[in-house]
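Okay, structure first, notes after.
Read-outs: derived from the displayed coordinates by stated rules, not from any lab. Because the structure is predicted, anything quoted here is derived from the model rather than measured. Virtual Cβ from ideal backbone geometry, glycine too; neighbours counted across all protein chains shown.
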Amino acid sequence: MTTRHAVILAGGKGTRLRPYTAVLPKPLVPVPDRPILELVIRQLARNGFTRIDLSVGHLGGLIKAYLDHVDLPDDLELRYWWEDEPLGTAGALTRIEDLDEPFLAMNGDVLTTLDFAQLMRFHNGHEAGLTIATHRQSVNIDLGVIESEDGFVMEYVEKPTMRFDVSMGVYVYDPDVLPLIPAGRFDFPDVVKLMLEADRKVAIYTGPGLWFDIGTLGEHERAVAEIEAHPELLEDAGVAGSTRGR
């Protein structure tokens, strides 16, 4: 089987998750009783990924200390790359060596039932240098929305629901995209803009399942409640016994 390679971006301070992140790095915040990062690593391993690079910064020593004492699969290689200063969701990739084949990159606060192996197959089957995993998000507008032209009302829609494809914080890169990323702090939306300006194809992949962007207290509470009520969700995604004791 082709080696699958993933990068987890785990260097953020997680200010929106305080007070948890006053003492813990965001990837170690439990959902509900194991850290987000451990759940993600186990899920990647069950999906056939054998090498995971972790870009760490804020309280990164705690991340390594925790993972050093977790019983992970024997054939899984973890490597650490230290951010002396925040490098953003793309700049961190410029510090990682041996990114010489298509690889998955994801934020360290994302928990999803997305099939990562299927995402990689999708990317490899399409002529795009970059693939963005997306989620269909509904936004309720609690006001009357007016469409107008030349100062006159053309349509009035009371409290509409808008639907958008939003980025899940999970991507697949071809290695030849990396030279577009300048040294220093650089974020993923800027990579997409550079790709489009260079007339490079960017694909989207919308898979079924749940998605939690655990960057706020409200989203963390939603994830905990959902998984406590339905622990089989993560087990079905390949994280066996994810909410039970070790």
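Okay, here's what the table says:
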{"quantity": "For the chain, built as a Gaussian network whose Cα springs stay under 10 Å, the top-fluctuating residue of Tyr171, Tyr80, Tyr156", "calculated": "Tyr156"}
{"quantity": "Degrees, to the nearest 10: 188-197 long Cα axis against longest axis of the chain", "calculated": "60 degrees"}
{"quantity": "Computed E for Trp82/Ala183 - FRET, C-beta separation, R0 22 angstrom, nearest 0.05", "calculated": "0.90"}
{"quantity": "Per-residue Cβ neighbour rank within 10 angstrom, fewest leading, Val192, Val172, Val157", "calculated": "Val157, Val192, Val172"}
{"quantity": "Gained length - Glu147 relative to Asn124, 0.36 nm times residue gap less alpha-carbon distance", "calculated": "4.1 nm"}
{"quantity": "Long-range amide H partners of Tyr205 with built H, under 5 Å", "calculated": "Ile132, Ala133, Thr134"}
{"quantity": "Segment 110-176: relative contact order in percent, alpha carbon pairs under 8 Å with at least 6 residues between", "calculated": "39 percent"}
{"quantity": "Unit charges on C-beta of K, R, D, E only; dipole of segment 95-246, Debye", "calculated": "340 debye"}
{"quantity": "222 nm mean residue ellipticity, helices alone, for the chain (DSSP H n ≥ 4; -39,500 (n - 2.57); rounded to 500)", "calculated": "-6500 deg cm²/dmol"}
{"quantity": "Rounded to 10°, Cα long-axis angle of helix 217-229 versus longest principal axis of the chain", "calculated": "70 degrees"}
{"quantity": "Spacing of the two label points (7 Å from each Cα toward its C-beta) at Asp165 and Leu72, in nm", "calculated": "3.2 nm"}
{"quantity": "By average C-beta atoms within 10 angstrom, highest first, the peptides 94-100, 136-142, 43-49", "calculated": "43-49, 94-100, 136-142"}
{"quantity": "Normalised alpha carbon radius of gyration of segment 20-126 [divisor 2.2 N^0.38 Å]", "calculated": "1.08"}
{"quantity": "Those aspartates and glutamates that a straight Cα-Cα span of less than 13 Å connects to Lys201, excepting residues fewer than 8 apart in one chain", "calculated": "Glu127, Asp174, Asp176"}
{"quantity": "Relative contact order (%) - the chain, alpha-carbon pairs under 8 angstrom, separation at least six", "calculated": "25 percent"}
